[in-house]
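Colleague: Would you mind keeping the following structure in view while I ask a few things?
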Amino acid sequence: MYLELKDVCRYYQQGESVVKALDHVSLGLEKGEFCVLLGQSGSGKSTLLNLIGGIDTMNSGQMKIGDYVIKDMDDSHLTQYRRDHIGYIFQQYHLIPDLNVRENIEVGAYLSDDPLDLEEVLEVLKIKDLQDHFPNELSGGQQQRTAIGRAMIKKPNLLLCDEPTGALDSKTSREILKFIEDVHDKYGTTIIMVTHNEQIQYMADRIIRILDGAIISDERNHHKRRVDAL
C-alpha cells in the first residue's frame, strides 16, 4: 500500500466548541491510482488533502506515504517531503505575478533533482506559445495549465488537486481534466482530486465520499470513463 491513513483525526477549536474536521478517517491507496474525494463544502475533503500534502497536521492517528511516517516529522522534514514528493494544484492558481509562464513552471523544476523536460511540459499543456506571457495576460484555463505544469515538472510521486476546475467554465474545465488525465496516463502519477462535481468521479479508479469529517463510502470504479465520454 502506497498511502495509508489509520484513525486520523483533525479537530479545530471554535470558541468553546470543538469542530471535527476529520473524525477517525482510515483509507489506503495503491501507487498509480487516481482517487476522487467527493463531498459538500465543509465535509473535510480539503482538510484531508492538506494533511496528506503535509500542509496541515493531525491531532491523532497514523499516516504513512511510501517510507514516510508523517506524524513523526518535524517542520524541516515535512518541507523536504513536500519538496521531493508532492505536487499541488489549487483552485486559485497561486502563480507568481512577476514571472512569465516559463519562469513560473521553472520554479517547480528547481525543487527537483530530476525534473521533466520544460519544453515537453509546455508542449503537453499546449502553452508553449504563451511561455513569455505573465499571469495577468492569461485566461483562467491558461493560468491553471501553468499551475499544472509547475506541479508536474518536478515529477511528484503524488499529485494533489483541490477543486482544480472550480473557478472555470465547463469547456475549460473539460480541457483541464483532459490534461490531468494525460498526466496520469503518461507518467503513472498517483492522483487525489477533491471535487464537488459528481461527473468527475467517473474518470477515477477510486471514489471516496466524505460527510461531516468521516468517510461514508469508498468504492472502486469498475466502469472508468475517459474525459471525452463524460
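The values are calculated or read from the model by the stated rules, or taken from the named source; none is laboratory data. Please read all numbers here as calculations on a predicted model, not as lab measurements. Using ideal geometry, Cβ is built from the backbone for each residue, glycine included, and neighbour counts are taken over all protein chains shown.
Colleague: Of all residues in segment 72-102, how many are under 13 Å from Q143 (Cα atoms) and either free of Cβ contacts under 8 Å to residues at least 60 places away in the same chain or of a type in the set (D, E) (or both)?
Modeller: Selection size over segment 72-102: 9.
Colleague: In this structure, does L160 turn out to be buried (at least 19 other Cβ atoms within 10 Å of the Cβ) and over 13 Å from the mean Cα position of the chain (by Cα)?
Modeller: Criteria not met by L160.
Colleague: Taking segment 113-145, which residues are surrounded by 15 or more Cβ atoms within 10 Å (Cβ to Cβ) and not in a helix (DSSP H, G or I)?
Modeller: Scanning segment 113-145 gives P115, L116, L125, I127, Q131, H133, F134, L138.
Colleague: Further question on the same structure: Specify the residue that is surrounded by the most Cβ atoms within 10 Å (Cβ to Cβ); the eligible residues are those in segment 61-74 that are of a type outside the set (V, I, T) and either in a loop (DSSP other than H, G, I, E, B) or modelled with pLDDT under 85 (or both).
Modeller: By that ranking, first place goes to Y68.
Colleague: For segment 128-174, which residues satisfy the criterion of being out of contact with any helix residue (DSSP H, G or I) (no Cβ under 6 Å at 6 or more places or on another chain) and acidic (D, E)?
Modeller: Correct list: D129, D132, E137, E163, D169.
Colleague: If a residue must be buried (at least 17 other Cβ atoms within 10 Å of the Cβ), assigned to a helix (DSSP H, G or I) and either among the acidic types (D, E) or modelled with pLDDT under 90 (or both), how many such residues does segment 83-104 contain?
Modeller: 1
Colleague: Can you pull out every residue in segment 184-200 that is surrounded by fewer than 21 Cβ atoms within 10 Å (Cβ to Cβ) and in a helix (DSSP H, G or I)?
Modeller: H184, D185, K186, Y187, E198, Q199
Colleague: Looking at R209, R225, which is the one that is in a loop (DSSP other than H, G, I, E, B) and either within 21 Å of G32 (Cα to Cα) or at pLDDT 95 or above (or both)?
Modeller: R225
Colleague: For residues in segment 1-59 being among the charged types (D, E, K, R) and in contact with a helix residue (DSSP H, G or I) (Cβ under 9 Å, 6 or more places away or on another chain), which is surrounded by the fewest Cβ atoms within 10 Å (Cβ to Cβ)?
Modeller: The extreme case among them is D56.
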